[in-house]
1. Report the label-to-label distance for A:R14 and A:C86 in nanometres (one decimal), using points 7 Å from each Cα along the Cα→Cβ vector.
2. Counting each DSSP H run of 4 or more residues in chain A as -39500 (n - 2.57), what helix-only mean residue ellipticity at 222 nm follows after dividing by all residues, to the nearest 500 deg cm²/dmol?
3. So if the hydrodynamic radius of the range A:3-132 is defined as the Kirkwood radius over C-alpha pairs, what does Stokes-Einstein give as its diffusion coefficient at 10 °C and 1.306 mPa s, in µm² per second?
4. Report the relative contact order of the range A:3-132, percent, no decimals, based on alpha-carbon pairs under 8 angstrom and at least 6 residues apart.
5. Sticking to Cα atoms, compute the Rg of the range A:60-122 to one decimal and its Dmax as the biggest Cα-Cα distance, whole number, in Å.
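Just so you know, all these numbers are worked out from the coordinates, no wet-lab data involved. Since this is a predicted model, take the numbers as computed values, not measurements. Virtual Cβ from ideal backbone geometry, glycine too; neighbours counted across all protein chains shown.
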Amino acid sequence: MSASADLRFSKARRLLTAHDYKSVFDDAVLKVSCSQLLILARPNGLEGARLGMVVAKRHIRLATRRNRLKRIVRESFRHAQARLACIDGIDGGIDSVVLARAGADALDKRQLREHLDQLWSQLARKAQRRFATGQPC
RNA sequence: CGAGUUGGCCAGACAGUCGCUGCUGCGCCGGUAACGGCGGAGUGGAGGAAAGUCCGGGCUCCACAGGGCAAGGCGCCAGGUAACGCCUGGGAGGCGUGAGCCUACGGAAAGUGCAACAGAAAGGACACCGCCUAAGUCGUCUCUUCGGAGCGACCGGUAAGGGUGAAAAGGUGCGGUAAGAGCGCACCGCGCAUCUGGUAACAGAUGUGGCGAUGGUAAACCCCGCCUGGAGCAAGGCCAAAUAGGGAUCCGGUGCCGUGGCCCGCGGUGGAUCCGGGUAGGCUGCUUGAGGCCUGCGGUGACGCAGGUCCCAGAUGAAUGACUGUCCACGACAGAACCCGGCUUAUCGGCCGACUCGCACC
């Protein structure tokens, strides 16, 4: 099957351990954001993109709102992952961590999806500019 | 029909597509195997509060002879329960026309404390304005039938009335009296005794006391009775890379270093295996339970007993979502994290049962 048709989101597509998260935070060469969200990312050298999330209780108090936000982020990543899996100049996909800022739960789901889709496009373009110039990773 | 009380139930529905996760088959790959990975199928997948973490248990580890003290909690009576601060039934007091609702509801004749302002006085009544002048004393007063009478003062009596206050020392009425007073009586209240009903809380009746015995406050100290060891699933158990240091056994026909003039010896150093240790990580605990539903029986009820039947989340960077369409009442509060029983708080609406009041009609 082709990567572009793959909309699944198995465990191979997620950051699972504290190590995975730490390596993204320590080497976040890519960064895109809006007022409610921040995405840090780096190439992972693996086949396919991976997603992690940090939604702090400090910023979003209610568990229901946190769950809702995570679901929306996962869903948008699921649809956007093909763009992050094959980027010119990178051998493999990129790891991303989505951080929620205070007020992220004030957006409705449609607004959130729009913001996220924009951010994923920005991230793909940035990655392409950063690495397509021949700079090895 | 309207207004209300109370008990219980539901928590948008359906279809399609794309996803997540537990379980059970299937196929392929790796592996001696246990098992792991990938693909695909079927099937299960948040709540009435999952919440607050306020109580009570189970479970686990630690501690523990017994008794006392301290500290904290609870507090009408009886029952239910694994247990409770919960629930049920009953009593008492309060609220409501009523159905019903509310109550931290033990003790103030063991002690200590507290009560602003007002008021004379706030706790063994010491009376401010009043009321009274019977008994006693006095008078240079008035009258006199010469016995006294009146008036005034003193000595006193009193707690009816006024006023203050949240509260003023039983209440109301009649008698009584100089005026008054449980001083006497009737009824009510209160205390005590006996009897009756009730398991009891308590209620009723009768008698009795004469109420200066016993004002309030114990979510003030306190007293009495009962209860309570500590920590929590990051509990606890198992596997175990790495790494520090450790123990045992074996191996070189005994190397190297030290001690020494040299040999033996002694100490250190090497390799292998095993033990122990336990970090990262993984597994387990982890969902079959004081379990749900149905029927019958016992009980006013909470609930209990018996039989039948069902298996109904188990994630772990953390699963229930997204999109499209149709319909309607246009969808609130809100997300399991070891598990139960409660309480409390949040909440759009809807459904069912029982009962009360008002109006209309028969």
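1. Inter-label distance under the simple model: 2.6 nm.
2. So the calculated ellipticity at 222 nm is -14000 deg cm²/dmol.
3. Estimated diffusion coefficient is 108 µm²/s.
4. Details: 208 pairs, mean separation 43.7, N = 130.
Computed over the range A:3-132, the figure is 34 percent.
5. Rg, Dmax (Cα atoms, Å): 13.0, 41.
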